[in-house]
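To keep things clear, I will list the structure first and then write my remarks on it.
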Amino acid sequence: MKRPHSTIFDEFDTPLGPMLAMASGDALIGLHSVGGKYVPAIDPGWTRDPCLPLFGELRRWLADYADGGREPCPVRLGWIGTDFQVGVWRALLSIPHGSTETYRGIANAVGAPAATRAVGAAVGRNPLLIIVPCHRVIGSDGSLTGFAAGLDLKRRLLALEAAQESLLR
């Protein structure tokens, strides 16, 4: 799927590591861990704008999230993917903070119980890291499975959320 040519981007450090953010219009269309799998190459036609207000909101949200914040990300999301992928990514938004779901559970949620592998592929290609919580998806045996930003970050995100949940109990 091609990204819009009018993409605005920035790379910045966060408490969760360096990130690449991309926007088109007033919507965030990508948030990737720099050095992770499937990080798009910066197109020469894109414009770098670290002062874009959307990126400021995103940086604040990421810092708050890393510090224990539980609020949904306030930025508008732009979906660039197939209808199936977008359906899977939207389903990920329903996984509660501090919880996990299996690929099979997501397949059932999108009405495609036989499409567990296709769900896994869509989860792996999630372009909105952390905001669309693909890190909350685990294998049906409870194992941590692939994560485009690396299993170390997945473990860190799950541990962060579990610690926050235990403080609330």
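The values are calculated or read from the model by the stated rules, or taken from the named source; none is laboratory data. All figures in this text were calculated on a predicted structure; none of them were measured in a lab. Heads up, the Cβs are rebuilt from the backbone with ideal geometry, glycines too, and the neighbour counts pull from every protein chain shown.
Here are the numbers:
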quantity: Pair list, Cβ < 6 Å and 6+ apart or interchain, from the stretch 110-136 residues that are β-branched (Val, Ile, Thr) to residues that are assigned to a loop (DSSP other than H, G, I, E, B) and modelled with pLDDT under 95; calculated: Ile131/Cys73
quantity: Top-ranked residue in the stretch 149-169 [being outside any helix (DSSP H, G or I) and at pLDDT 90 or above; ranked as surrounded by the most Cβ atoms within 10 Å (Cβ to Cβ)]; calculated: Ala149
quantity: Breaking point among (1) assigned to a helix (DSSP H, G or I); (2) in contact with a Pro (Cβ under 9 Å, 6 or more places away or on another chain), for Ile131; calculated: (1)
quantity: Residue in the stretch 44-52 that is touching a residue at least 12 places away in the same chain (Cβ under 8 Å), within 27 Å of Ile138 (Cβ to Cβ) and surrounded by 13 or more Cβ atoms within 10 Å (Cβ to Cβ) present; calculated: no
quantity: Which listed residue is closer than 23 Å to Arg156 by Cα and touching a strand residue (DSSP E or B) at 6+ places or on another chain (Cβ under 7 Å), from Tyr65, Tyr103; calculated: Tyr103
quantity: Residues located in the stretch 137-162, provided they are within 16 Å of Gly69 (Cα to Cα) and free of Cβ contacts under 8 Å to residues at least 12 places away in the same chain; calculated: Ala159
quantity: Any chance Val123 is part of a loop (DSSP other than H, G, I, E, B), out of contact with any Pro (no Cβ under 8 Å at 6 or more places or on another chain), aliphatic (A, V, I, L, M) and surrounded by 14 or more Cβ atoms within 10 Å (Cβ to Cβ); calculated: no
quantity: Looking only at the stretch 84-118, and only at residues there that are within 14 Å of Gly139 (Cα to Cα) and β-branched (Val, Ile, Thr), the one that is surrounded by the most Cβ atoms within 10 Å (Cβ to Cβ); calculated: Ile106
quantity: Residue count, the stretch 84-98 (criterion: small (Gly, Ala, Ser) and in contact (Cβ under 8 Å) with a residue 40 or more places away in the chain); calculated: 1
